[in-house]
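What follows is one structure encoded as structure tokens, with my remarks underneath.
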Amino acid sequence: MMTLLAIETSCDETAAAVLRGYGEILSHTVFSQAEIHSKFGGVVPEVASRNHLQSAPWVIDEALKTAGVEVGELDTVAATNGPGLASALLVGSAVAKGIAIGAGKPFMAINHLEGHMLSPFFGRQDIPPHISLVVSGGHTLLFDVHGFGDYRLLGRTLDDAAGEAFDKVAKLLGLGYPGGVRIDRLARDGNANRFDFPRGMIDSGDYNFSFSGLKTAVRVFLEKHGTAEADLPDLCASFQAAILDVLLAKLFRALKESGHQSAAISGGVSANAALRSRAADRASKEGVVLHTAPPGLHTDNALMIAYAAAHHAAAGITSPFDEDIYPNFDPKRLQAS
């Protein structure tokens, strides 16, 4: 059974994992820079890449030590090569290539979004046909998935991603960074019907998304009415409901039109309790099987990269050592080749 080392440095997490086969976790190490970037109110690329350089050696060593695996015992080494922050991607990709070359092992460049997309099926060899909603800080994407390597992009955000909107509104509310978790927690005690915020593009007739108007609506509301601490739970719940209404409306309409009986939600925002609860309730009512990633695989991590790499390995796909990084999203780079 194949043993893989995977490295993930697309944004502000330095992560390494050793996976055997499709689901035997030998190690899973993540160093988060969230606290470092919180004082800036968001991720600073230069700071992120510098911290990746400092933390990558011990994170990888810890992953190998915990796994009880020597570099020479690995079958392949994988790393995220995009999309993400260019300076951050370079660190992980260069380190992985160096390890692979030094050990005489194959190298695999893995798309970060494919890692998210496949993560709800972690441990499985098969990827069933389904509609996939990938929601993170940088991306909001809807795919028609027919199996590994066969992905058709249905829609994407035209401006802010859902996670980006969460973070920006959290900053407006004085909740700090990262804001999505804080909004989710406050919203649990709030009235989602108290404030009427816009549901951008919910009736657009396509599968694209737009959340910048919602962010602006919250800002204008706060300029007029201020931010009373007692109103925070209701504001968070109302804002969150506006995002979730759009995400779920498009996801389940795509399911109906595709004829698929399965859906998957992945990415950092998929850890949102309200999104998971509402999606599960609707899936149950409509007779749809809903797949979400296991705990620990919602946010950026190396296990999802290792799992995607396992599928690439099974398909006989490797990458040349001069493979470049690709910071920008390109749906063509998701297809298996």
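The values are calculated or read from the model by the stated rules, or taken from the named source; none is laboratory data. Just so it is clear, the structure is predicted and the values come from calculations on it, not from any experiment. Positions of Cβ are backbone-derived with ideal geometry, glycine not excepted, and every protein chain shown enters the neighbour counts.
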Every listed condition ((1) under 22 Å from the mean Cα position of the chain (by Cα); (2) within 16 Å of ASP159 (Cα to Cα); (3) part of a helix (DSSP H, G or I)) holds for ALA217 save (1)
So, first residue within 15 Å of LYS105 (Cα to Cα) in the stretch 310-337, second residue among the basic types (Lys, Arg) and modelled with pLDDT of 95 or more, Cβ within less than 7 Å, six or more apart or across chains; the pairs are PHE321/LYS97
For the stretch 70-96, pairs from a residue that is under 17 Å from LEU334 (Cβ atoms) to a residue that is modelled with pLDDT under 95 and basic (Lys, Arg), with Cβ under 9 Å and 6 or more apart or across chains, are ASN81/ARG333; GLY82/ARG333; PRO83/ARG333
Among the residues that make up the stretch 260-272, is at least one of them touching an Asp or Glu at 6+ places or on another chain (Cβ under 8 Å), surrounded by fewer than 22 Cβ atoms within 10 Å (Cβ to Cβ), of a type outside the set (S, T, N, Q) and closer than 19 Å to HIS130 by Cα? yes
Meets criteria (more than 21 Å from ILE127 (Cα to Cα) and within 18 Å of the chain's Cα centre (by Cα)) for VAL269: yes
